[in-house]
Amino acid sequence: QVQLQESGPGLVKPSQTLSLTCTISGGSITTNEVYWSWIRQPPGKGLEWMGSIYSSGNTYYSPSLKSRSSISRDTSKNQITLQLRSVTPEDTAVYFCTSLSGNWGQGTQVTVSS
């Protein structure tokens, strides 16, 4: 029943901020899971955990991305959002939102290019 859907721009220019939204249906972002996460997969590479937001609202980030990342939530809309600042072509990837219990969205392709 729980489904996750990522949305956002497919193309972002270098130095800009990437904003992605994960909409959860069939569940609550505050009661169904301990935390929700953003994970990405660059082309030809493995999965990379970016960060998580917990039911308490606390956030944790990958050390390599914490200086550029922000995760927030909107409980009224049942959404979690990701902002990744100062993007470069190395940020080109498929971005997923996931839950602790193993639910994944379909992923959304983001290309960073001028």
Q: Consider Q79 carefully, then state whether it is over 23 Å from S15 (Cα atoms), polar (S, T, N, Q) and either open to solvent by less than 50 Å² (accessible area, probe 1.4 Å) or in contact with a Ser or Thr (Cβ under 7 Å, 6 or more places away or on another chain) (or both).
A: yes
Q.
Consider the range 46-76. How many of its residues are β-branched (V, I, T) and open to solvent by 70 Å² or more (accessible area, probe 1.4 Å)?
A. 1
Q. Is there any pair linking a residue in the range 2-22 that is under 21 Å from S101 (Cα atoms) to one that is of a type in the set (D, E, K, R) and surrounded by fewer than 16 Cβ atoms within 10 Å (Cβ to Cβ), with Cβ under 8 Å and at least six apart or on different chains, and which?
A. none
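Residues that are within 22 Å of Q16 (Cβ to Cβ), at least 3 per element: which strands (runs of 3 or more DSSP E) completely within the range 36-96 meet that? Walk me through it before giving the result.
Working: elements: 48-54, 59-61, 69-74, 79-84.
Answer list for the range 36-96: 48-54, 69-74, 79-84.
Scan the range 1-23 for residues that are under 12 Å from the mean Cα position of the chain (by Cα) and of a type outside the set (D, E) and report the count. Please lay out each step first, then the result.
Step one: filter the range 1-23 for residues under 12 Å from the mean Cα position of the chain (by Cα), giving 4-8, 18-23.
Filter once more, so that each one left must be of a type outside the set (D, E): 4-5, 7-8, 18-23.
Number satisfying all stated conditions: 10.
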**Q.** Selection from the range 17-35 of residues that are polar (S, T, N, Q) and outside any strand (DSSP E or B)
**A.** T17, S28, T30, T31, N32
(Q) Can you find a residue that is hydrophobic (A, V, I, L, M, F, W, C) and under 18 Å from V2 (Cα atoms) anywhere in the range 78-89? (A) yes
Q) Any idea which residue in the range 97-106 is farthest from T17 (Cα to Cα), counting only those that are in contact (Cβ under 8 Å) with a residue 12 or more places away in the chain and open to solvent by 20 Å² or more (accessible area, probe 1.4 Å)? A) S101
Q. In the range 24-47, how many residues are at pLDDT 95 or above and among the hydroxyl-bearing types (S, T, Y)?
A. 1
Q: Collect the residues in the range 1-10 that are within 15 Å of S113 (Cβ to Cβ) and surrounded by 13 or more Cβ atoms within 10 Å (Cβ to Cβ), keeping them in residue-number order.
A: P9
Q. If you take the residues in the range 14-45 that are surrounded by 11 or more Cβ atoms within 10 Å (Cβ to Cβ) and among the charged types (D, E, K, R), which one is farthest from V2 (Cα to Cα)?
A. R40
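The values are calculated or read from the model by the stated rules, or taken from the named source; none is laboratory data. This one's a predicted model, so the numbers in the text were calculated from it and none came from an experiment. With ideal geometry, Cβ positions are generated from the backbone for all residues, glycine too; neighbour counts draw on all protein chains shown. In case anyone asks, the SASA skips ligands and DNA or RNA and just uses the protein heavy atoms, side chains included. Shrake-Rupley method; radii C 1.70, N 1.55, O 1.52, S 1.80 Å.
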